[in-house]
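Participant: Quick one: this structure, given as structure tokens, is what I'll be asking you about.
Here, each number is a calculation from the coordinates, and none is a lab measurement. Predicted model, so just to flag it, every value in this text is computed and none were measured. No Cβ is skipped: glycine too gets one built from the backbone with ideal geometry, and neighbour counts run over all protein chains shown.
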Amino acid sequence: MNYYNDKKDILKNVFNSEIKLDNNYIIIDDNKYEIINDVIILNPNSNDLIKKKTVSNFGDEWIAFNKIYKDHHKEFEKYFDIINIKILENSIIADFGCGMGRWSKILLEKIKPKYILMFDYSAAIFEARKNLIDHKNAIFIKGDIEKINFKSNIFDFSFCLGVLHHLPSGAEFALSKLSDCSKSLLLYLYYDFENRKSLFILIFKVSNIVRKLLSTINNPKLKNTLAYFITIFAYYPFIILNKLLRILKINYIKLPLSYYTDLEFNRIRQDAYDRFFTNVEYRYSRKKIRDMSSKHYNEIIISDNEPYWHFYLYNKK
């Protein structure tokens, strides 16, 4: 039995087209797409070598780090601090670049949307399927954000956390795609350190050189092993210093890696993997975020809190 037999109406609305289903395929506008383990394979793997490597890296990451930790629940509250999630009850939601589905899994513990669409271009989408196995209102699509062509305003709320700044072409085009199908949108883009001191920026520049070197590694086991050593020898010295300063009642919040001070080892290791083995990384100022967003939405709330910068867009133009 096809998992989507009872979801034909929502799929018709999402794709703004008549659809047909059989056991292993969905037909949209006479185009046939394979369904594997309940995941609709909307786009084939990219021929763009840079994008292909980026997608592969994130697939490796979320297969290696496919568990949801207690720290993820704390971080969820930080990302969603600028919206009232209760208004999302019985709505249609999309999680773009969902990875292994950690944020949606936590969201679904708090509210019951009508449907939630999980969307990722990497093999991580299959991990998301496993993590949301008990949620029958979930739709799973493996596809390219830059090629989505969903019905305008089909989603009451979408979120895309930590994805667009890794796209080879940058965030602006993908933002236009997401905004077209989303009435409101929660995003997180790497900040450009505009609120940091010069020493902090210097440390980042050194680490960024290391990232560019390490991101050429393709072996998932080697990357996983190196992430252990990076966590211990690059992250923990700062974490220990930050904890010591806290004991001494000295403000450490603006020091490097202060965000990780109370996180678990494996959660830090996952971020070390994410940070040092990603081949593409862009950073954005608050002004740039406002300039990009104002083309699509009338209202924007940029949180003053970490992680920098996460922001909420609503009231479509």
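Participant: Roughly what would the spin-label model give for Asn195 and Val280, points 7 Å off Cα along C-beta, in nm?
Facilitator: 2.7
Participant: Would you mind computing, in nm to one decimal, how far apart the modelled labels at Lys20 and Ser169 are, each placed 7 Å from Cα along Cα→Cβ?
Facilitator: Taking the two extended label points, one gets 3.1 nm.
Participant: Now for a different question. Apply 1/(1 + (r/R0)^6) to the Cβ-Cβ distance of Ser207 and Asp6, taking R0 = 51 Å, and write down the FRET efficiency to the nearest 0.05.
Facilitator: It comes to 0.60.
Participant: Check the straight Cα-Cα distances from Lys221 and name the aspartates and glutamates below 13 Å, setting aside those fewer than 8 residues away within the same chain.
Facilitator: Correct list for Lys221: Asp60, Glu61.
Participant: Moving on to the next point. For the stretch 198-276, what class follows from the C-alpha gyration tensor (a ≥ b ≥ c being the square roots of its eigenvalues): rounded when a/c is under 1.5, otherwise prolate if a/b is larger than b/c, else oblate?
Facilitator: oblate
Participant: Continuing with the same structure: When the Cα centres of the stretch 80-143 and the stretch 282-311 are compared, how far apart do they sit, in Å?
Facilitator: 23
Participant: Further, regarding this structure: Listed here are the pairs Lys177/Lys197; Lys74/Lys147; Lys52/Lys177; Lys110/Lys142; Lys288/Lys317; which of them are more than 27 Å apart at the Cα?
Facilitator: Beyond 27 Å: Lys177/Lys197; Lys74/Lys147.
Participant: For a label point 7 angstrom out from the Cα of Leu245 toward its Cβ, which stretches of the stretch 256-296 have the backbone nitrogen within less than 14 Å?
Facilitator: 256-262
Participant: By per-residue mean of other Cβ atoms within 10 Å, what is the highest-first order of 243-253, 216-226, 8-18, 115-125?
Facilitator: 115-125, 8-18, 216-226, 243-253
Participant: Please give, to one decimal in nm, the separation of the simple spin-label points placed at Glu109 and Leu49, each 7 Å out from Cα toward the Cβ.
Facilitator: The modelled label-to-label distance comes out at 4.3 nm.
Participant: Using the alpha-carbon atoms, what tilt in degrees (0 to 90, nearest 10) does helix 220-230 show relative to the longest principal axis of the chain?
Facilitator: In the chain, helix 220-230 runs at an angle near 30 degrees to the longest axis.
Participant: Based on the Cβ-Cβ distance of Ile133 and Ile83, what FRET efficiency does E = 1/(1 + (r/R0)^6) give at R0 = 25 Å, to the nearest 0.05?
Facilitator: The calculated FRET efficiency here is 0.40.
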